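*Asks:* Okay, here's the structure, questions in a sec.
The values are calculated or read from the model by the stated rules, or taken from the named source; none is laboratory data. Keep in mind it's a predicted model, so treat the numbers as computed, not measured. Cβ sites come from the backbone with ideal geometry, for glycine too, and all protein chains shown count toward neighbours.
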Amino acid sequence: MSDHPHDREATAALDALRGALAAHGITLPSLDLHLPSYAARCGTPPLISLGNCNPATAQRIAAALAKP
């Protein structure tokens, strides 16, 4: 763990998102912390980089989000 002031918050959000996607059989290989915003050490949490995905994965994400 680093000494970034929002490290725990950012990694918890990243882990929660990765787990929620996995529960729907979805993997985003490039899902990670956005390194430039992490390195900037601003007073706000770093961004989460969702990365790229193929059309089939995008459709699965859309379907998972559309479920009531």
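*Asks:* Which of the residues belonging to region 36-68 are free of Cβ contacts under 8 Å to residues at least 12 places away in the same chain, of a type in the set (A, V, I, L, M) and within 21 Å of PRO5 (Cα to Cα)?
*Replies:* The answer is ALA39, ALA40.
*Asks:* If ASP32 passes every condition in (1) touching a helix residue (DSSP H, G or I) at 6+ places or on another chain (Cβ under 8 Å); (2) surrounded by fewer than 14 Cβ atoms within 10 Å (Cβ to Cβ); (3) without any contact (Cβ under 8 Å) to a residue 24 or more places away in the chain but one, which one does it miss?
*Replies:* (2)
*Asks:* Being out of contact with any His (no Cβ under 7 Å at 6 or more places or on another chain), assigned to a helix (DSSP H, G or I), of a type in the set (Val, Ile, Thr) and without any contact (Cβ under 8 Å) to a residue 40 or more places away in the chain is the requirement here; does THR27 meet it?
*Replies:* For THR27, the condition - out of contact with any His (no Cβ under 7 Å at 6 or more places or on another chain), assigned to a helix (DSSP H, G or I), of a type in the set (Val, Ile, Thr) and without any contact (Cβ under 8 Å) to a residue 40 or more places away in the chain - is not met.
*Asks:* Scan region 38-54 residue by residue and report those that are over 17 Å from LEU65 (Cα atoms) and either under 13 Å from the mean Cα position of the chain (by Cα) or crowded, with 17+ Cβ neighbours inside 10 Å (or both).
*Replies:* Passing the criteria: TYR38, PRO45, PRO46, LEU47, ILE48, SER49, GLY51, ASN52.
*Asks:* Here are the criteria: (1) assigned to a helix (DSSP H, G or I); (2) polar (S, T, N, Q); (3) at pLDDT below 95. Tell me which single one GLN59 does not satisfy.
*Replies:* All conditions are met except number (3).
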